[in-house]
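K.L.:
After the structure tokens below, expect a handful of questions from me.
The values are calculated or read from the model by the stated rules, or taken from the named source; none is laboratory data. Predicted model only: the values in this text are computed from it and were never measured. For neighbour counting, all protein chains shown are included, and Cβ atoms are generated from backbone atoms with ideal geometry for every residue, glycine included.
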Amino acid sequence: MIKWLLVALVVGAGLLVWRSAAKANDAPPKTGAQAPVFALPDQTGKTRDIEDFRGKWLVLYFYPKDDTPGCTEEACTFRDDWHTLTAFGAEIVGVSVDDTPSHAAFAKKYHLPFPLLSDESGDVAARYGSLRNFGLLKIAKRNTFLIDPRGRVARVYLGASTSRNSQEVIEDLKKLTGQ
């Protein structure tokens, strides 16, 4: 009995160490760092990569799941603020681990005027420290990255608010662009 208890403790401690080491590798990029590269299909199947947005501000937001209440609120808030954001020379791009057909249905249903990228493997979300990996189940964290025209991370919004994220980005764009 005691022998099995000790084995369980050792295995449990090993899992905790492994999990904390894995989390250390999943840190989001810091402000001022070069934004991690990506090349992913959007809801139309067109591959988009970070170089497509060079010379513009990029609002890259990660979200858990298409057509769920919080994700819908966030996407629709970005949609409603799209004209304001584009007036700053910003492009908006959503990323989740959902597939392209799911993104297409979500974008059509809510008239989203910006690309939704399909990161089914979760590789890009992981590079941005925005992936919850439960083995077979992967879900993107709700994080947003404001990337400057040179491809550097200007702002990081971890655990972004579904209702306020777009306005936070607008306020930061005002400060960063001097408008």
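K.L.:
Report whether or not Pro101 is assigned to a loop (DSSP other than H, G, I, E, B) and either under 22 Å from Asp42 (Cα atoms) or not charged (D, E, K, R) (or both).
P.N.:
Values: assigned to a loop (DSSP other than H, G, I, E, B): no; either under 22 Å from Asp42 (Cα atoms) or not charged (D, E, K, R) (or both): yes.
It is false that Pro101 is assigned to a loop (DSSP other than H, G, I, E, B) and either under 22 Å from Asp42 (Cα atoms) or not charged (D, E, K, R) (or both).
Condition check ((1) surrounded by fewer than 19 Cβ atoms within 10 Å (Cβ to Cβ); (2) free of Cβ contacts under 8 Å to residues at least 12 places away in the same chain; (3) of a type in the set (Ser, Thr, Tyr)) across all residues:
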| position | (1), (2), (3) |
| --- | --- |
| Lys30 | yes, no, no |
| Tyr61 | no, no, yes |
| Ala75 | no, no, no |
| His83 | yes, yes, no |
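K.L.:
Are any residues in the stretch 145-167 of a type in the set (A, V, I, L, M, F, W, C) and surrounded by fewer than 13 Cβ atoms within 10 Å (Cβ to Cβ), and if so, which ones?
P.N.:
Step one: of the stretch 145-167, the residues of a type in the set (A, V, I, L, M, F, W, C) are 145-147, 153-154, 156, 158, 160.
Selection gives Leu158 alone.
So that you can scan it fast, the table gives a plain yes or no per residue for (1) of a type in the set (Val, Ile, Thr); (2) in a loop (DSSP other than H, G, I, E, B):
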| residue | (1), (2) |
| --- | --- |
| Gly32 | no, yes |
| Val37 | yes, yes |
| Thr44 | yes, yes |
| Val59 | yes, no |
| Pro64 | no, yes |
| Asp67 | no, yes |
| Cys71 | no, no |
| Glu74 | no, no |
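K.L.:
Residues being in a loop (DSSP other than H, G, I, E, B) and surrounded by fewer than 18 Cβ atoms within 10 Å (Cβ to Cβ): count how many of those fall in the stretch 108-121. Before the answer, list the steps.
P.N.:
If we filter the stretch 108-121 for residues that are in a loop (DSSP other than H, G, I, E, B), which is where we start, we get 110-115, 119-121.
Okay, now just the ones that are also surrounded by fewer than 18 Cβ atoms within 10 Å (Cβ to Cβ), so 110-111, 113, 120-121.
Matching residues across the stretch 108-121 total 5.
K.L.:
Is it the case that Asn165 is modelled with pLDDT of 95 or more, farther than 21 Å from Val37 by Cβ and within 13 Å of the chain's Cα centre (by Cα)?
P.N.:
Criteria met by Asn165.
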